[in-house]
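Everything below concerns the one structure shown next.
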Amino acid sequence: MTVAMPRRTLVNKLRLAVLGRTLLALALAVGAVFVYDPGMWHRDAAPALAVILGLVLLAVAGAWGISTWLEARIARPLAAMTDIARDAMQRGVLSRRAPKPGDDEVGELVDAFNGLLAEIERRKSEQEAAAADKDREVAERRQAQREVMRLNEELERRVHERTAQLEESNRDLTEATHDAENANRAKSEFLSNMSHELRTPLNAIIGFGQLLNHADAAGAGQERNRAFVQHIVDAGNHLLTLINEILNLAQIEAGKVSISLEPVDLREVLDECHALTRTASAQRGIRLVFPSEPALVVNADRTRLKQVLLNLLSNAVKYNREHGAVIVECSAGDEGKIRLAVQDTGAGLTPEQLRSLFQPFNRLGRDATGIEGSGIGLVLTKRLVELMGGSIGVRSTPGVGSTFWIDLRSAEPLQVDLARVEPRLPTPDDLTGDPRLATILCVDDNRANLALLTEALSLRADCLVLTATDGQAGVDMARSHSPDVILMDNNMPVLSGSEAMRILREDPATAGIPIIAVSAAAMPGSVSSGLAQGYFRYLVKPYDLVDLTDAVDSAIDVSRAAAAARRVRDRGDVPGFDAPPAT
């Protein structure tokens with residue numbers, strides 16, 4: 001790189017110094033000549049002047065040559081080092097190096113200068129590397145600090161979340177514990193109330209039974225004994241109602257109630273409920289007011305809806321005042337709902353009683369009124385209404401009366417009314433024209449139940465009663481006596497009723513005998529299962545004598561019809577006898 005030398009630089013100074021010294025030396029030499037020969041200037045001035053000018057020019061040329069050499073050997077390397085040093089200071093460029101002019105002192109100076117630049121560059125690089133390392137370390141520390149802060153925030157967030165979860169779990173656990181305690185308390189109260197309600201009718205049954213069994217009972221009046229018997233029957237009916245409601249409630253709570261939702265005409269259901277409650281209301285002079293033409297259809301289970309309405313109507317009659325009124329209303333509500341309301345003119349309910357209305361066995365202080373009740377009916381009603389997709393509510397004013405209402409989904413009216421045809425089996429006279437004594441086999445391991453069946457059937461003049469005390473004995477007697485009808489308990493030793501029936505069905509001689517189940521297994525599942533197994537009828541203990549008589553009559557008719565058909569078939573096998581054509 002060529003360095004432009006400014007004015008009055010070191011080169012000019014050297015040139016001026018060399019030129020001045022040369023001229024000074026020339027002047028001293030000319031002066032010495034003049035001193036030595038003073039007349040020489042006068043004798044030969046022109047040549048002397050020419051010599052002087054030549055010497056001057058020679059001195060200038062020599063000075064110029066010496067200054068050029070000095071410039072190349074000293075001034076230019078110094079200028080280059082100056083320029084490199086200035087560039088290093090101003091721009092920080094340390095990669096440039098000054099050219100070395102030779103191996104003399106100036107060359108050594110240049111080497112020292114270049115070495116100094118190299119050392120400065122190395123140290124600068126080391127400092128920059130150290131600074132970069134430090135910056136990187138600082139950045140890493142900052143990143144680590146940020147990561148630690150992030151982890152702390154994450155940990156804090158997780159601690160908060162976990163704390164919230166634990167608090168929620170503790171709340172849930174507390175609520176579950178509270179619910180379990182309430183459920184346990186409710187269960188204890190339920191069992192206590194159920195024990196009380198069961199023992200009350202049992203006390204009447206056992207007490208009056210003992211009075212009738214007392215030695216002095218024979219001498220007592222017939223009216224007194226009849227009153228005792230009536231007390232026993234009433235207590236038994238109350239106990240049966242209580243047991244049925246408990247079983248229904250247990251079945252609902254266990255989710256085993258089958259609900260068949262279908263369009264139900266309210267007019268038909270209300271007519272049936274009106275007929276069933278008319279007698280009870282007339283005994284107390286209570287006026288029943290039903291809607292004249294409730295042409296409404298709801299989506300419900302017909303049997304369960306009838307059960308719900310009968311319970312509400314029964315309560316409205318029982319807890320009403322003498323010569324009061326029960327008003328039934330039907331109306332279309334919002335969102336496709338139909339409301340059925342049962343209003344009474346009884347004593348009404350207080351707000352405290354309304355809060356405890358749907359608790360099992362809680363009769364709201366009506367125990368002391370002398371009106372029988374189980375305290376389960378409304379609980380059962382509420383569960384059934386909810387199972388049908390509806391809701392139940394109540395409005396009550398103390399001293400005025402109460403209105404219970406249920407809301408059910410409406411349905412499209414039925415387009416076709418199916419004809420109700422009552423089935424009728426042919427009588428023995430229709431088939432054979434020769435009525436005969438019916439043989440009935442009663443099989444039960446309980447002596448009291450067996451005695452009850454025997455006594456009930458002995459009232460019939462057309463029956464011959466046989467008895468057996470276990471399933472195997474019943475099978476043997478059926479094979480040996482070929483009875484017309486068999487009444488059989490299901491739960492017996494040796495052979496159960498189902499096993500005995502299976503054996504009889506496999507025997508052609510006894511396969512056609514109608515078998516009626518008489519069992520204490522009252523669950524609807526047991527009834528449907530027994531009928532599916534092949535029982536002709538399924539009577540639940542305790543049974544009504546009317547139901548027993550109806551079942552026996554139907555079984556006798558079926559048995560005799562089958563016997564008549566067999567006789568006709570057997571005659572058709574005799575040569576010369578033409579059986580009548582089938583109609």
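The values are calculated or read from the model by the stated rules, or taken from the named source; none is laboratory data. Treat the numbers as computed from the prediction; the structure is a model and nothing was measured. Note that we place each Cβ from the backbone using ideal geometry, even for glycine, and neighbour counts take in every protein chain shown.
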If you take just the strands (runs of 3 or more DSSP E) that sit entirely in region 430-541, which of them hold at least 1 residues that are at negative phi and of a type in the set (Gly, Ala, Ser)? 438-443, 463-468, 515-519
Being under 24 Å from Ile120 (Cα atoms), surrounded by 17 or more Cβ atoms within 10 Å (Cβ to Cβ) and modelled with pLDDT under 75 is the requirement here; does Val106 meet it? yes
Just a yes or no: is a residue in region 337-347 assigned to a loop (DSSP other than H, G, I, E, B), modelled with pLDDT under 85, surrounded by 15 or more Cβ atoms within 10 Å (Cβ to Cβ) and of a type in the set (Gly, Ala, Ser)? yes
Name the single residue, out of those in region 96-117 being among the aliphatic types (A, V, I, L, M) and free of Cβ contacts under 8 Å to residues at least 12 places away in the same chain, that is farthest from Ala72 (Cα to Cα). Leu116
If you go through region 294-328, how many residues are among the acidic types (Asp, Glu) and either within 15 Å of Leu340 (Cβ to Cβ) or in a helix (DSSP H, G or I) (or both)? 1
